[in-house]
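Working notes, structure below.
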Amino acid sequence: MQVVVIFLTFLKSFNDFFFKIRRLIFAPFYWVFFPLPNPKQAVSIRTLITEDRGHQIQKLSSPRTMVPKPPRIFGSLSGEYFKSRKDAVDVFGFELTNGRVFHDGNVITSEGQLIAETSHISSESAPKPLAGLVGLPRLRHFPGRLGVFAAPMASRYFHWLLETLPRFYLLKEMQVDSFYVYGKHSFIRESLELIGLGADQILPPRKYAHWSADTLVGVTPLANSGSVSKETINFLRSLVKEKMKTSDSARRIYISRNDARYRGVRNERALLAQLDHYGFERVLLSRLSFSEQIRLFSSAEVVIAPHGAGLANLVFSPPGCTVIEFMPENYVNACFWSLSEACGHHYYCIGGVKESGTHNLMTLDLKILDTVCKQSLGRK
């Protein structure tokens, strides 16, 4: 055993040494493609207001604390994970003369300062190299008012749908000539079409894009990460009501993740046999378009699923929908409890589900599931 540890330590040291040599050899070539320096300082919006450097910044809304009902928890999971929290935050709109935007929505002032609220960091500090690059690529300039329609992790479904897309209702009031969008996923493209943004109104999305503009326009996060504001829910629901035809049918759906890398259910066949008695249908969201997912959740009376980004679609479900979420033992995230409460749903959590194997498949206790179904579906 000791020999194995020594060998692995040597292997890691050799790999680190090789990586440093490789960076040293190729460093001159990096600077050809990434000649501009990374920001050396991050500042908050409040600091920019205090310094008064001529940037136009306006508070658009103030925070409020939601007091959701405690979730109904089954299994081995502490209720400490589910506490009341401040979901909304101060939301600011900003207009930066000669401002810049890089990659996934990092906003940089004309003085070279990174705005902390637009990046992966949450405080004023010396930021790490953006996107892990030694420098930033050459600038392209937009002659007009460019709206930043991007945010950290916006290429992921949850963060796009609940944290980025809703910024549109504020950006459209700020007289934007064109939009900077990060990500090429089909759900991003479909949702942009839904809100009426065509390809002629969007800068071509590409990795490591770096743009400046006569005036860079943006909005800070609408809520703390993993939370959702009432304005977000109202915007998304009104959008669907105006633009799409949805069904009034009451469907009971089980969202399978057995085509995902993580958090699938090992004993899903037995689970499906049990849910069949309650009239559930199995759905793989990866096979549905953005519009199809909206229609599915809009008609949902009950949703059962392992924890996963697809549950962000609960925002489209009618108030009173029953939600039963499986939570793995080594990962607890209360975001869908918070979302369910804000949407007026009835939320249940089966926690502490055992995981095993390469892909962390969960093995669900079907007796607990049956107890939850009997309690939650009795009124349906």
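The values are calculated or read from the model by the stated rules, or taken from the named source; none is laboratory data. Worth saying up front: this structure is predicted, and the values here are computed from it rather than measured. We place every Cβ from the backbone using ideal geometry, glycine too, and count neighbours over all the protein chains shown.
If you go through the range 172-190 one residue at a time, how many are in contact (Cβ under 8 Å) with a residue 60 or more places away in the chain, more than 15 Å from the chain's Cα centre (by Cα) and surrounded by 15 or more Cβ atoms within 10 Å (Cβ to Cβ)?
Final tally of qualifying residues: 3.
Go through the range 223-254 and report how many residues are of a type in the set (D, E, K, R) and either surrounded by 20 or more Cβ atoms within 10 Å (Cβ to Cβ) or in contact with a Pro (Cβ under 8 Å, 6 or more places away or on another chain) (or both).
The total comes to 1.
Test each condition in (1) surrounded by fewer than 19 Cβ atoms within 10 Å (Cβ to Cβ); (2) basic (Lys, Arg); (3) touching a residue at least 12 places away in the same chain (Cβ under 8 Å) for ARG257 and report the one that comes out false.
All conditions are met except number (1).
Within the range 306-324, restricting attention to residues that are within 25 Å of ARG266 (Cα to Cα) and more than 18 Å from the chain's Cα centre (by Cα), which residue is surrounded by the most Cβ atoms within 10 Å (Cβ to Cβ)?
Here the answer is VAL323.
Given the criteria assigned to a strand (DSSP E or B) and under 24 Å from LYS354 (Cβ atoms), does TYR254 qualify?
Yes: the conditions hold for TYR254.
Conditions tested, residue by residue: (1) under 25 Å from ARG261 (Cβ atoms); (2) β-branched (Val, Ile, Thr).
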| residue | (1), (2) |
| --- | --- |
| GLU292 | yes, no |
| SER317 | no, no |
| VAL323 | yes, yes |
| PRO328 | yes, no |
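Would you mind stating whether VAL332 is of a type in the set (Val, Ile, Thr) and surrounded by fewer than 20 Cβ atoms within 10 Å (Cβ to Cβ)?
For VAL332, the condition - of a type in the set (Val, Ile, Thr) and surrounded by fewer than 20 Cβ atoms within 10 Å (Cβ to Cβ) - is met.
If you go through the range 210-220 one residue at a time, do you hit one that is under 23 Å from the mean Cα position of the chain (by Cα), more than 30 Å from PRO137 (Cα to Cα) and of a type in the set (Val, Ile, Thr)?
Checking the range 210-220: not a single residue is under 23 Å from the mean Cα position of the chain (by Cα), more than 30 Å from PRO137 (Cα to Cα) and of a type in the set (Val, Ile, Thr).
Would you mind listing the strands (runs of 3 or more DSSP E) fully within the range 97-191 where at least 1 residues are of a type in the set (Ser, Thr, Tyr) and either modelled with pLDDT of 90 or more or not assigned by TED's automatic domain parsing to the domain that holds PHE290 (or both)?
Here the list reads 178-181.
Rundown of residues vs (1) touching a helix residue (DSSP H, G or I) at 6+ places or on another chain (Cβ under 7 Å); (2) assigned to a strand (DSSP E or B), yes/no style:
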{"site": "LEU314", "(1), (2)": "yes, no"}
{"site": "GLY320", "(1), (2)": "no, no"}
{"site": "MET327", "(1), (2)": "no, yes"}
{"site": "GLY351", "(1), (2)": "no, yes"}
{"site": "GLU355", "(1), (2)": "no, yes"}
{"site": "CYS373", "(1), (2)": "no, no"}
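Anything in the range 182-216 that is of a type in the set (Val, Ile, Thr) and closer than 25 Å to PHE158 by Cβ? List them, or say none.
ILE188, ILE195, ILE202
Answer yes or no as to whether LEU197 is part of a loop (DSSP other than H, G, I, E, B), touching a residue at least 12 places away in the same chain (Cβ under 8 Å) and buried (at least 18 other Cβ atoms within 10 Å of the Cβ).
In short, yes.
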